[in-house]
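The values are calculated or read from the model by the stated rules, or taken from the named source; none is laboratory data. The structure displayed is predicted, hence computed values, not measured ones. Here the Cβ positions follow ideal geometry from the backbone for every residue, glycine too, while neighbour counts run over all protein chains shown. Side chains are part of the model used for accessible areas, which takes the heavy atoms of the whole protein and leaves out ligands, DNA and RNA. Shrake-Rupley method; radii C 1.70, N 1.55, O 1.52, S 1.80 Å.
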Amino acid sequence: MGKVTGFKEFERQDEAYKPVKDRVKNYKEFTVSLSEPELEKQGSRCMDCGIPFCHSGCPLGNLIPDFNHMVHQGEWQKASWILHSTNNFPEFTGRLCPAPCEKSCVLGIIEDPVSIENIEKNIVERAFKEGWIKPQPPKTRTGKTIAVVGSGPAGLAAAQQLNRAGHTVTVFERDDEVGGLLRYGIPNFKMEKEIIDRRIAILEAEGIIFKTNVNVGINYDVEDLKAFDSVVLCGGATERRSLPTPGIDADGVVQAMDFLTQQTKVLFGKKVENQVMATDKNVIVIGGGDTGSDCIGTSNRHGAKSVVNFEIMPKPPGHRSPTTPWPFWPLQLKTSSSHQEGVERNWLINTKEFVKDKNGKLTALKTVNVEWKMVPGERPQLIEIEGTEKTWPCDLALLALGFTGPESTLADKLGIKTDARSNYKAEYGKYQTNIPNIFTAGDMRRGQSLIVWAISEGREAARQVDLYLMGKSNLPSKDITGDLVAM
Ligand SMILES: Cc1cc2nc3c(=O)[nH]c(=O)nc-3n(C[C@H](O)[C@H](O)[C@H](O)COP(=O)(O)OP(=O)(O)OC[C@H]3O[C@@H](n4cnc5c(N)ncnc54)[C@H](O)[C@@H]3O)c2cc1C
Ligand code: SF4
């Protein structure tokens, strides 16, 4: 513990944001970093708890009190070593994680929790700046070959771990760039894409082979995977949810992922025919999650006339609900930086019709207010409230309704069993499918989730693949600390 009284002396400080009027003019990140002395004070707020709940709150099992302590001591390189021993890509989680660690921080019971995520981001940024993050190619190769399908955070983490164990790893990605949803889902203003490129350069220098524009099962025969000793499927959960609502085919009803992907492609000079623009339009974003929030931020950057958000669930409480006490993940209203940039948020509202003109163009949405009837032992029932029908002028409706699960192509072609939710079936902790040398991790195995879980599953799956191929493994796991791999 750096400073016994740190948590009493210092208040939590978060990084500031640039003013809305400036940041919506471009697609750059807009956070303003704290100074190094301030960050060292923030590190000293950690109480080095006997039972650090932050550890178990983090799906990676990050060694949080240890790196907090090092930051407080000004030992940034040691902090980076500790951080990288459990997390391959803290620059992703340090920017984008909802930080379950902070929600379970013991200090959070009486005060604002330790600013763990921001400390994490600053450790890794300092490490890149100082040149401490260097390629670590394995000293010897095992002669085993592995194909990783999908280059999202799960695939990248699995690839880096397996390469470090000495296997020869090829990552196949159907997009034209590596990164999965980090590349074309999450907008540039949440994470600039140079952050991904910087890390990919390290992975390439370590010896990982990346093959883009390869859609396994479509333009690459699954039979060719048999040339590899093992395969790790990390294809994500990319089947988009839609609505069974009349008028859904109107010109102007657009899937959020199309909208977001197009914008990022255009930003990087890629050719996009007829980009969907929100400029001067009345935009309604349906869905109140992260994807909806990203659509709001992007619509404001396009210069939308108005931005409205619909969510079918009730408005969560402003503070942690008593139904989710510490250290659980709290049911609580989340206001993102994109929400702060301008949106009218509506809860308990259901879209009844997408109204179109005679040319099929969207002109309005008809809605009704709803309530949820809870009967113990029964599924919650959605009840429409009579007399609350409303028509909203709208030229662009963005469907941000999440994903129903992974695509079935690879499961069908490889004969992989799926579970009741259409996820690729592999026991948690084992990651092995019904075909012994084929493993799966990330959203493809667990359904739509978080970056931190994808990295965690990629790492754990890598260890299982290594055990399968070699009979033993030195790769670390959340449960078994192997030889920690220095960055
Ligand atoms: C808009 C949006 C915003 C989000 N924001 C956040 C956030 O702020 N914080 C957070 O923690 N999480 C966020 N998430 C969730 C997070 O991005 C995912 O949980 C995470 O990326 C899952 O990682 P993954 O590696 O399992 O899959 P993905 O990132 O989906 O990567 C899968 C990759 O596999 C490729 N692929 C699929 N099939 C094939 C094939 N047959 N051949 C070759 N390649 C294939 C895909 O093209 C894709 O690149 C967000 C998701 C979305 C959609
Ligand atoms: S729970 Fe909070 S205060 Fe305790 S060790 Fe973890 S970060 Fe520090």
Review point. What number of residues within segment 263-286 are open to solvent by 10 Å² or more (accessible area, probe 1.4 Å), within 16 Å of ligand 1 (Cβ to nearest atom) and over 20 Å from ARG23 (Cα atoms)?
Key: 3
Review point. When segment 165-198 is examined, which residues are found to be among the charged types (D, E, K, R) and surrounded by fewer than 22 Cβ atoms within 10 Å (Cβ to Cβ)?
Key: ARG174, ASP175, ASP176, GLU177, LYS190, GLU192, LYS193, GLU194, ASP197, ARG198
Check your understanding: Taking the condition open to solvent by less than 30 Å² (accessible area, probe 1.4 Å) and closer than 24 Å to PRO393 by Cα, does LEU260 pass?
Key -> yes
Practice item. Go over the candidates THR86, THR93 one by one and state the one that is away from ligand 1 (no atom under 16 Å from the Cβ), surrounded by 22 or more Cβ atoms within 10 Å (Cβ to Cβ), within 20 Å of the chain's Cα centre (by Cα) and not assigned by the TED database to the domain that holds GLU457. Key: THR86
**Study point:** Residue that is nearest to ligand 2 (Cβ to nearest atom) [pool: residues in segment 139-154 that are touching an Asp or Glu at 6+ places or on another chain (Cβ under 8 Å) and open to solvent by less than 50 Å² (accessible area, probe 1.4 Å)]
**Key:** ALA154
Practice item. Output the residue which, of all residues in segment 22-64 that are free of Cβ contacts under 8 Å to residues at least 60 places away in the same chain and of a type in the set (Val, Ile, Thr), is nearest to ligand 2 (Cβ to nearest atom). Key: ILE64
**Study point:** Options VAL216, VAL231; residue that is within 9 Å of ligand 1 (Cβ to nearest atom) and modelled with pLDDT of 95 or more
**Key:** VAL216
Review point. Do any helices (runs of 4 or more DSSP H) entirely within segment 81-179 hold 2 or more residues that are within 21 Å of SER44 (Cα to Cα), and if so, which?
Key: 90-96, 100-103, 116-130
**Study point:** Number of positions in segment 102-119 that are within 16 Å of ligand 1 (Cβ to nearest atom) and open to solvent by 10 Å² or more (accessible area, probe 1.4 Å)
**Key:** 4
Point to revise | Matching residues, segment 25-56, being open to solvent by less than 50 Å² (accessible area, probe 1.4 Å) and of a type in the set (Lys, Arg) | key: ARG45
